[in-house]
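Novice: Attaching a single structure in structure tokens format; questions to follow.
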Amino acid sequence: MQAPAPSDIAADPGLGPGLNTATANAPAAPVTPGTPAERAAEFVPVTGPAAEGVPGGVLMLLAYFAFWAVIFRFVWTNHRQTQKLQTRLAALETALADAEKRADDGDG
Amino acid sequence: MKRSSPLFPILVVLTAACLAALFQLALFRAPAAQAQAGGIAQKIFYFHVPSAYAMYLAGLVCFVGSAAYLLKLSDRWNAIAQAGAEVALFFGMVVLISGPLWAKKAWGVYWTWDPRLTTSLLTVLIYFAIVILREFSGKGEAERKFAAALGVLGTVNLPIIHYSVRKWGDNHPTVIMKGGGGLGHPDMKLALGVGFLAMTLLAVVLLWSRIRILLLEARVERATERALATGLTEET
């Protein structure tokens with residue numbers, strides 16, 4: 001694939017203001033944007049739209065996923081707690097009934 | 001053991017159907033809004049706003065239960081107060097998770113300290129405090145009274161949140177408030193309406209199930225006290 005000309009890259013709005021400014025101020029001859037050396041040699045901080053490119057669809061799906069995760073967590077915790085309490089209550093009621101029976105037998 | 005009401009499973013099925021309808025309508029039928037409102041991320045609105053309303057609803061239940069417990073000191077009112085706080089915390093978490101994800105796209109930031117966000121966070125923290133207090137401070141009457149008092153005071157904050165936007169103004173959309181432009185498409189209105197219905201039903205189901213569990217917990221406590229009084233130990 002042929003590398004794009006520096007002027008094309010400088011004009012591309014998707015690359016953000018940082019690169020536009022960098023390529024506009026640089027001397028014409030040594031500029032080789034897009035090469036591995038240029039990408040790895042320096043990290044330039046950017047702000048504004050170029051730095052905040054999270055797709056809206058991803059944020060929306062993340063929100064819906066979080067909603068379902070919170071519901072399932074709540075329902076699962078409730079289910080486990082109910083089972084645990086019912087088991088404990090059944091055991092206690094059986095033990096109390098046995099104790100009452102033993103007490104009655106002892107009296108008799 | 002007490003038989004559960006036949007209405008509960010019907011309510012659960014109805015809630016699940018409404019939630020499924022909400023997601024079908026919001027994700028596939030309602031059109032995306034303008035880029036300034038967040039574009040496709042605006043679809044978070046259809047459960048974000050109804051969740052905030054459900055938080056108010058559960059908060060109100062917590063208030064009623066807490067106030068009644070302070071007057072009558074019964075297990076039933078205590079369970080209602082606790083369930084209200086837990087469900088309010090649940091919906092509050094949904095609001096606080098979904099809101100920033102939408103805000104990132106609409107406002108460019110996840111969080112800003114505007115009046116509505118700040119008071120919402122404060123309310124969720126109050127319900128979090130009530131839940132933590134009830135969970136870790138024991139089941140004594142004094143602790144229950146303190147949690148009930150916190151439940152009454154926490155609810156006082158809810159109207160402040162509601163009117164904070166009108167009073168102080170902020171970034172929050174006012175499309176469905178007085179003077180707002182409304183929703184520009186019938187499917188948007190339908191999705192929001194189903195959202196309110198689904199969250200109301202979900203709040204009722206969650207409150208009902210939590211109250212049942214908390215009453216069951218109270219029965220276990222009473223049975224444990226009786227067992228200890230009879231001289232039974234864990235081993236026997």
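Novice: Can you tell me which of B:Ile97, B:Ile130 is β-branched (Val, Ile, Thr) and surrounded by fewer than 24 Cβ atoms within 10 Å (Cβ to Cβ)?
Specialist: The conditions single out B:Ile97.
Novice: Go through the stretch B:192-236 and give me each residue that's farther than 30 Å from B:Ala54 by Cα and more than 8 Å from every other protein chain (Cβ to nearest Cβ).
Specialist: Those that are farther than 30 Å from B:Ala54 by Cα and more than 8 Å from every other protein chain (Cβ to nearest Cβ): B:Glu221, B:Arg222, B:Glu225, B:Leu228, B:Ala229, B:Thr233, B:Glu234, B:Glu235.
Novice: Moving on to the next point. Take the conditions modelled with pLDDT under 90 and surrounded by 24 or more Cβ atoms within 10 Å (Cβ to Cβ) and apply them to B:Phe47. Does it pass?
Specialist: yes
Novice: So, in the stretch B:30-44, exactly how many residues are more than 7 Å from chain A (Cβ to nearest Cβ) and either of a type in the set (A, V, I, L, M, F, W, C) or surrounded by fewer than 21 Cβ atoms within 10 Å (Cβ to Cβ) (or both)?
Specialist: Of the residues in the stretch B:30-44, 8 are more than 7 Å from chain A (Cβ to nearest Cβ) and either of a type in the set (A, V, I, L, M, F, W, C) or surrounded by fewer than 21 Cβ atoms within 10 Å (Cβ to Cβ) (or both).
Novice: Here is a follow-up. What residue, of A:Ala51, A:Ala10, A:Ala69, is at pLDDT below 85 and either under 30 Å from B:Val131 (Cβ atoms) or surrounded by 15 or more Cβ atoms within 10 Å (Cβ to Cβ) (or both)?
Specialist: On the way: A:Ala51 fails: either under 30 Å from B:Val131 (Cβ atoms) or surrounded by 15 or more Cβ atoms within 10 Å (Cβ to Cβ) (or both); A:Ala69 fails: at pLDDT below 85.
Result: A:Ala10 is the single residue among A:Ala51, A:Ala10, A:Ala69 that is at pLDDT below 85 and either under 30 Å from B:Val131 (Cβ atoms) or surrounded by 15 or more Cβ atoms within 10 Å (Cβ to Cβ) (or both).
Novice: Please identify the pairs in which a residue from the stretch B:109-122 that is under 19 Å from B:Ala37 (Cβ atoms) has its Cβ atom under 6 Å from the Cβ atom of a residue that is polar (S, T, N, Q), counting only partners at least 6 apart or on another chain.
Specialist: Listed pairs, sorted by first residue: B:Asp114/B:Asn171; B:Arg116/B:Ser164.
Novice: With respect to B:Tyr69, determine if the residue is buried (at least 24 other Cβ atoms within 10 Å of the Cβ) and modelled with pLDDT of 90 or more.
Specialist: Yes.
Novice: Taking the stretch A:72-106 as the search range and keeping residues that are surrounded by 15 or more Cβ atoms within 10 Å (Cβ to Cβ) and of a type in the set (Gly, Ala, Ser), which one is modelled with the highest pLDDT?
Specialist: Filtering first and then ranking leaves A:Ala95.
Novice: Still on this structure, please answer the following. Could you grab me the full set of residues in the stretch B:125-140 that are free of Cβ contacts under 8 Å to residues at least 60 places away in the same chain and either within 14 Å of chain A (Cβ to nearest Cβ) or within 21 Å of B:Tyr56 (Cα to Cα) (or both)?
Specialist: Passing the criteria: B:Leu125, B:Ile126, B:Phe128, B:Ala129, B:Val131, B:Ile132, B:Leu133, B:Arg134, B:Glu135.
The values are calculated or read from the model by the stated rules, or taken from the named source; none is laboratory data. Keep in mind it's a predicted model, so treat the numbers as computed, not measured. So basically every Cβ, Gly included, is an ideal-geometry build from the backbone, and we count neighbours across all protein chains shown.
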